[in-house]
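Trainee: After the structure tokens below, expect a handful of questions from me.
The values are calculated or read from the model by the stated rules, or taken from the named source; none is laboratory data. Values in this document were obtained by computation on a predicted structure and should not be read as measured data. Reconstructed Cβ throughout: ideal geometry from the backbone, glycine too, with neighbour counts over all protein chains shown. Heavy atoms of the whole protein, side chains included, go into the accessibility calculation; ligands, DNA and RNA do not. Shrake-Rupley method; radii C 1.70, N 1.55, O 1.52, S 1.80 Å.
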Amino acid sequence: MYPAGAHGQVRPAYGRLAQWLGSVDAKLLEARRRQAELFFRRIGITFAVYGDEESNERLIPFDLVPRILLNEEWARLERGLVQRVTALNAFLKDIYGPRECIAAGVVPADLVLRNPQFRLEMIGRRPPQDVWVHIAGIDLVRVGADDFYVLEDNVRTPSGVSYMLQNREVMMRLFPDLFVEHRVAPIETYTDHLLSSLRSVAPPGAGPDPRVVVLTPGPYNSAYYEHSFLADRIGVELVEGSDLFVRDAQVFMRTTQGPQKVDVTYRRIDDDYLDPLAFRAESVLGVPGLMNAYEAGTVTLANAIGTGVADDKAVYSYMPQIIRFFTGEEPLLKNVETRRCREPEDLKYVQANLSELVVKAVDGSGGYGMLVGPAATKAELAAFSAKLAETPDRYIAQPTLALSTCPTLAEQGLVSRHVDLRPYVLTGADGVKVTPGGLTRVALTKGSLVVNSSQGGGTKDTWVLDE
């Protein structure tokens, strides 16, 4: 049940927690679980499930048993995360600039230049301070005592950080005694670091106090709670596209005191919907003329337009080479072995071993459009095989990893469930910062490897023991 170290013993990080769980009354845990659910419901921590007519808003299940990492384990992860995000920023700067990595054969030209997320508008352009990925969420899985693998890179509009912060707040309210017994590294400074990073990349003419806003698609978006939460915590305005306008290639916010110039926009809207004059003409979510202001260098967008290329799961498969090329170092975090179905030999292998693999769409997210071979029926395998034959470029395949498990509270008591981890990395002119811990997502269904909230997964507080 507990993460095991050598000889099957409880991993050192969990020693004191295991003793506490062994002594606590099950009725107390159940009472605390109900209190946590009431807290989340009262403050409105929900998410929407698109296409679910029965329940448009749901609570993400929260598990009371934290996921724990030792300080030395986290230090290794932190170094790897800084290295990876630094390489991602360098890669994006290069593909919209000199394209040295393409000329050197590190990444195939067509994978980049024909990518749906590659933005021609960004060719030759440089965002302020050369920062492309201001906020990154890097998904990690543990497959051994010391082995962490990167599962995917989220560098467009990564979500989930509000759950990380609220999970910690709930745990501190419900179990203050545990925080006395454990020296847990704080995460509350995330929002201060976020605001500092965003202000540090303001355009040159912004002045000493740049105005930052959070741009949301609106209350019908699945992550609207997070948008409003972050705007409130960092002390900036939450705006929709209709609250902004562009005049003389500058962005302004409508207020009761008149127009106020906007310097930095933390946007939670995908590229396609940001500006109906530059991208999708039918979009009512964005700001007409925003791209004009962006090109004029009067506003910073975080993350930068065009970062979706680095989100692509086929590009992910080249990350070890990308890291070596741009940093001159060996990758500190491993990639999962990945088969690119766009390549004939890999497609042949995947088709022959479909029942043993996990197959993902290169642009997929939220667990949608994915096949978990060992859990699929013959009919599902046959249908997916047909998809692969028709559009192989759209898919990659990976082995089914033996993901680590963490103790999780279920109706029958403590059980083992598979988990992953999404740490959050901030990049600004003031450097790269990694919040200690991140969002642990847990597959609540026995035997399941799918942790996404849209697929029934839950979350845990993540502790880095600062001792």
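Trainee: Of the residues ARG199, ARG268, ARG280, which single one is charged (D, E, K, R) and surrounded by fewer than 19 Cβ atoms within 10 Å (Cβ to Cβ)?
Mentor: Among ARG199, ARG268, ARG280, only ARG280 is charged (D, E, K, R) and surrounded by fewer than 19 Cβ atoms within 10 Å (Cβ to Cβ).
Trainee: Take segment 139-168 and flag every residue that is over 19 Å from MET370 (Cα atoms) and among the aliphatic types (A, V, I, L, M).
Mentor: Once the filter is applied, which keeps residues that are over 19 Å from MET370 (Cα atoms) and among the aliphatic types (A, V, I, L, M), segment 139-168 yields VAL143, ALA145, VAL155, VAL161, MET164, LEU165.
Trainee: So which helices (runs of 4 or more DSSP H) stay within segment 14-105 end to end and still have 1 or more residues that are of a type in the set (D, E, K, R), under 23 Å from the mean Cα position of the chain (by Cα) and at pLDDT 90 or above?
Mentor: So the answer is 71-95.
Trainee: Would you check which residues across segment 212-249 are surrounded by fewer than 20 Cβ atoms within 10 Å (Cβ to Cβ), charged (D, E, K, R) and assigned to a helix (DSSP H, G or I) and list them?
Mentor: Listed by number, the residues that qualify are ASP232, ARG233, ASP243.
Trainee: Determine whether VAL358 is over 30 Å from ALA231 (Cα atoms) and under 19 Å from the mean Cα position of the chain (by Cα).
Mentor: For VAL358, the condition - over 30 Å from ALA231 (Cα atoms) and under 19 Å from the mean Cα position of the chain (by Cα) - is not met.
Trainee: Pick from segment 120-142 the residues that are in a loop (DSSP other than H, G, I, E, B) and out of contact with any Phe, Trp or Tyr (no Cβ under 6 Å at 6 or more places or on another chain): which of them is farthest from ARG67 (Cα to Cα)?
Mentor: So, considering only residues that are in a loop (DSSP other than H, G, I, E, B) and out of contact with any Phe, Trp or Tyr (no Cβ under 6 Å at 6 or more places or on another chain), the one farthest from ARG67 (Cα to Cα) is GLY124.
Trainee: Taking VAL415 as the residue in question, decide whether it is in contact with a strand residue (DSSP E or B) (Cβ under 7 Å, 6 or more places away or on another chain), open to solvent by 10 Å² or more (accessible area, probe 1.4 Å), within 21 Å of ASP312 (Cα to Cα) and not hydroxyl-bearing (Ser, Thr, Tyr).
Mentor: For VAL415, the condition - in contact with a strand residue (DSSP E or B) (Cβ under 7 Å, 6 or more places away or on another chain), open to solvent by 10 Å² or more (accessible area, probe 1.4 Å), within 21 Å of ASP312 (Cα to Cα) and not hydroxyl-bearing (Ser, Thr, Tyr) - is not met.
Trainee: Six or more apart or on different chains, Cβ under 8 Å: which pairs go from a residue in segment 84-110 that's closer than 13 Å to VAL309 by Cα to one that's hydrophobic (A, V, I, L, M, F, W, C) and open to solvent by 60 Å² or more (accessible area, probe 1.4 Å)? Could you list them?
Mentor: Sorted first by the residue in segment 84-110, then by its partner, the pairs are TYR96/ILE123.
Trainee: Moving on. Looking at TYR163, TYR149, which is the one that is open to solvent by less than 40 Å² (accessible area, probe 1.4 Å) and in contact with a strand residue (DSSP E or B) (Cβ under 7 Å, 6 or more places away or on another chain)?
Mentor: Exactly one of TYR163, TYR149 is open to solvent by less than 40 Å² (accessible area, probe 1.4 Å) and in contact with a strand residue (DSSP E or B) (Cβ under 7 Å, 6 or more places away or on another chain), namely TYR163.
Trainee: Among all residue pairs at least 6 apart or on different chains, which show Cβ distances below 7 Å where the first residue, located in segment 114-141, is among the hydrophobic types (A, V, I, L, M, F, W, C) and modelled with pLDDT under 95 and the second is open to solvent by 10 Å² or more (accessible area, probe 1.4 Å) and assigned to a loop (DSSP other than H, G, I, E, B)?
Mentor: VAL141/LEU401; VAL141/LEU403
Trainee: While we're here: Which of the following residues is in contact (Cβ under 8 Å) with a residue 60 or more places away in the chain and either more than 28 Å from ALA104 (Cα to Cα) or assigned to a loop (DSSP other than H, G, I, E, B) (or both): PRO331, PRO288?
Mentor: PRO331
Trainee: Same structure, new question: For segment 250-265, give me each residue that is open to solvent by less than 40 Å² (accessible area, probe 1.4 Å) and either part of a loop (DSSP other than H, G, I, E, B) or farther than 22 Å from SER228 by Cβ (or both).
Mentor: GLY258, VAL262, ASP263
Trainee: Could you go through segment 172-189 and let me know if any residue there is open to solvent by less than 20 Å² (accessible area, probe 1.4 Å), farther than 23 Å from PHE326 by Cα, β-branched (Val, Ile, Thr) and modelled with pLDDT under 95.
Mentor: There is no residue in segment 172-189 that is open to solvent by less than 20 Å² (accessible area, probe 1.4 Å), farther than 23 Å from PHE326 by Cα, β-branched (Val, Ile, Thr) and modelled with pLDDT under 95.
Trainee: Would you check which residues across segment 191-211 are in a helix (DSSP H, G or I) and of a type outside the set (Ser, Thr, Tyr) and list them?
Mentor: Passing the criteria: ASP192, HIS193, LEU194, LEU195, LEU198, ARG199, PRO204, GLY205, ALA206.
Trainee: Please state which of the following conditions LEU426 fails to meet, knowing it meets all the rest: (1) over 30 Å from GLN19 (Cα atoms); (2) open to solvent by 50 Å² or more (accessible area, probe 1.4 Å).
Mentor: In the conditions (1) over 30 Å from GLN19 (Cα atoms); (2) open to solvent by 50 Å² or more (accessible area, probe 1.4 Å), LEU426 misses (2) alone.
Trainee: Please find, among LYS378, LYS360, the residue that is farther than 23 Å from ALA443 by Cβ and at pLDDT below 95.
Mentor: Going through LYS378, LYS360 in turn, the sole match is LYS378.
Trainee: Which of (1) of a type outside the set (A, V, I, L, M); (2) open to solvent by less than 10 Å² (accessible area, probe 1.4 Å); (3) in contact with a helix residue (DSSP H, G or I) (Cβ under 7 Å, 6 or more places away or on another chain) does ASP130 not meet, given it meets every other one?
Mentor: The number of the failed condition is (2).
Trainee: Among the residues of segment 286-313, which ones are surrounded by fewer than 21 Cβ atoms within 10 Å (Cβ to Cβ) and either among the hydrophobic types (A, V, I, L, M, F, W, C) or farther than 28 Å from GLY205 by Cβ (or both)?
Mentor: ALA296, the sole residue that qualifies.
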